[in-house]
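Following: one structure in structure tokens, then a few remarks.
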Amino acid sequence: MKTHILQGQIVSWCRDTRKESWRSREDFVITRHSDGSRVLRAFCQLYENDIVRDVLTAVDEEMRPKDATIGVFAQGVRQGSAWYTFTDEMIHCESDTKEGRISQAEPWRGATRGLGTHALTSDAWLLARLEMSELAGRQTLEQFPIPSIHHLGATGPGLEFVSADVDYLGTEEVTVMAGAFSCHHFQFVATSNDHPTYDVWLSADDDFLFVKGFVGGDWNVNFELRCLNDLERPDS
């Protein structure tokens with residue numbers, strides 16, 4: 001199997017504004033390798049909040065995290081960066097932030113072997129660890145690691161933990177700017193850091209793409225896959 005490369009962009013806008021008035025963007029490249037592992041490279045920019053995030057993370061063939069690097073800027077000021085490695089038993093984090101240099105080592109606290117990075121594509125990969133069937137119902141992402149419990153990920157980064165109850169709402173056909181997709185529909189209904197209700201439509205194939213999202217409450221923010229390119233090897 002040759003390396004499979006997907007390149008795309010996700011944008012967001014507030015529900016009461018025009019689609020062209022973007023609130024944020026996420027440009028990503030995903031590589032999938034012959035051993036089943038995947039690597040995500042994501043550049044995330046929140047215009048209204050002036051937050052910039054760079055994410056590089058790798059998962060194995062079962063979507064379990066292996067390592068990650070995350071850097072954050074807020075209001076034009078570097079907040080810091082962190083490097084993570086994962087084993088079956090432990091999570092290790094080395095961070096360099098405004099609070100100084102911090103080394104952390106924590107055991108996995110729940111059954112969910114997933115990672116939240118505040119990149120939307122990572123949200124999709126986290127959900128890919130869950131059951132997707134009519135009988136799935138409500139599932140719990142228990143105490144999974146995340147670089148910041150701030151809703152926008154504007155602090156840290158470091159090693160924190162959050163839990164979430166997630167409802168599986170079935171499959172739906174979804175049309176977005178990037179095209180039409182068959183999707184699994186999930187809804188985050190409660191989180192330990194009080195995040196508003198969050199719906200995610202995850203592509204119902206083995207790419208596990210973030211296709212569409214909506215955050216309710218006071219946010220009222222839509223997310224949509226704007227473009228997607230399957231990059232083949234260029235002719236020599």
Return the residues of the range 190-213 that are part of a strand (DSSP E or B) and at pLDDT 95 or above; say none if nothing qualifies. 199, 200, 201, 202, 203, 210, 211, 212, 213
Among (1) free of Cβ contacts under 8 Å to residues at least 24 places away in the same chain; (2) of a type outside the set (Lys, Arg); (3) in a loop (DSSP other than H, G, I, E, B), the one test that residue 187 misses: (3)
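Of all strands (runs of 3 or more DSSP E) completely enclosed by the range 1-106, which ones contain at least 3 residues that are of a type in the set (Gly, Ala, Ser), in contact (Cβ under 8 Å) with a residue 60 or more places away in the chain and surrounded by 15 or more Cβ atoms within 10 Å (Cβ to Cβ)? Step through it out loud before you land on a result.
Working: elements: 4-14, 24-32, 38-46, 51-59, 65-74, 77-86, 90-97.
Here the list reads 77-86.
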What is the number of the single condition among (1) modelled with pLDDT of 95 or more; (2) within 27 Å of residue 222 (Cβ to Cβ) that residue 47 does not meet? (1)
Flagged in the range 92-137 as more than 29 Å from residue 52 (Cβ to Cβ) and either touching a helix residue (DSSP H, G or I) at 6+ places or on another chain (Cβ under 6 Å) or modelled with pLDDT of 90 or more (or both), in numbering order, are 107, 108, 130, 131, 132
Given the conditions (1) within 16 Å of the chain's Cα centre (by Cα); (2) part of a loop (DSSP other than H, G, I, E, B); (3) of a type in the set (Ser, Thr, Tyr), report the number of the one that residue 155 does not fulfil. (1)
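The values are calculated or read from the model by the stated rules, or taken from the named source; none is laboratory data. Just so it is clear, the structure is predicted and the values come from calculations on it, not from any experiment. Reconstructed Cβ throughout: ideal geometry from the backbone, glycine too, with neighbour counts over all protein chains shown.
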